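A quick write-up on the structure given underneath.
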Amino acid sequence: MLVAGIVTYNPDINRLAENLESISSQVDRIIVVDNGSTEWDSIAATVEHYSALSVRNATNLGIASALNQMATKALELGAKWLLTLDQDSVCSEGLVADYEKHVGETDVASMTCHITDRSFSYEEVPTEFVDFCITSGNYIDLSEWKRIGGFDEKLFIDKVDTDYCYRLRLDGKKILNVPTSGILHEVGKGTREHCFLGKKFVVFNHSAFRVYYITRNQVYVARKHRVTLGSARYYRCVRTAWTRIFVYLFYEKDKLAKLRQWIRGLRDGYAMAID
């Protein structure tokens, strides 16, 4: 049983249909978990057109919770692995078949692929194994998902994939980078590349809402995995959360709102209890 899952929250319906179209012929079932979208009728009609299963949450429970719901449903269907996708990602032909060739390889509990972003270009270094991968296009071993306790729902949205990868590796598992064309992905429509003193960096223009979770979870995940990271990497991770404020203030809109949420995120990131 081959299963793919998509988490939705007020998606672009045409893009969602494109996503479903690209994966429908590659798997036996598709699970769509919606996190309280306002235009549910349009989503439901699109999902039904592709004979996908749907789980509708009355409110936004966060991506971690939705992923756990999806994985639970996939296990109930008899799946051993699950392909997780964002609502705006489009899979290349044969992606799942390429992943399936590597199922059973020693200690591999997660697979990723080449990601092409709609918003900006970047050079990806081809390596056999990677330390981290994003949620979209991730093929996860459901027995390992269950073993390590699923995705951390305290995170709600950002760094959910980073934390999961840390815990996989802590359990002695590997993340395989499969050399396939993979998925067409979009980080955010406001994403832009900038250059300062010859150094390129990306400005995402996330909402103030996202700035809070990005900041909070950057600190929380670094604290949670401090022993694994070691002192030097821990401080680099925390420093990223602190220094990002300069990007918000000099390159993004809604500076005051983002400043407030950045401060709030730092405070809560240090205050959150580590399980």
Taking helices (runs of 4 or more DSSP H) that do not extend beyond the stretch 1-85, which have at least 3 residues that are of a type in the set (D, E, K, R)?
13-24
Do we have any residue at all in the stretch 184-192 that's at pLDDT 95 or above and in a loop (DSSP other than H, G, I, E, B)?
no
So is Y220 under 17 Å from D161 (Cα atoms), part of a helix (DSSP H, G or I) and of a type outside the set (D, E, K, R) or not?
yes
With the requirement that a residue be in contact with a helix residue (DSSP H, G or I) (Cβ under 7 Å, 6 or more places away or on another chain) and assigned to a helix (DSSP H, G or I), what does the stretch 225-243 give you?
R226, T228, L229, Y234, C237, V238, T240, A241
Residues in the stretch 1-18: is at least one crowded, with 22+ Cβ neighbours inside 10 Å, over 20 Å from the mean Cα position of the chain (by Cα) and free of Cβ contacts under 8 Å to residues at least 40 places away in the same chain?
no
Looking only at the stretch 115-150, filter to residues that are among the acidic types (D, E) and in a strand (DSSP E or B); which one of those is modelled with the highest pLDDT?
D141
Filter result for the condition that a residue is under 30 Å from G172 (Cα atoms), among the aromatic types (F, W, Y) and in contact with a strand residue (DSSP E or B) (Cβ under 8 Å, 6 or more places away or on another chain), over Y50, Y9, Y99:
Y99
Consider the stretch 215-231. How many of its residues are more than 22 Å from L168 (Cβ to Cβ) and either in contact with a strand residue (DSSP E or B) (Cβ under 8 Å, 6 or more places away or on another chain) or of a type outside the set (D, E, K, R) (or both)?
2
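The values are calculated or read from the model by the stated rules, or taken from the named source; none is laboratory data. All figures in this text were calculated on a predicted structure; none of them were measured in a lab. Note that we place each Cβ from the backbone using ideal geometry, even for glycine, and neighbour counts take in every protein chain shown.
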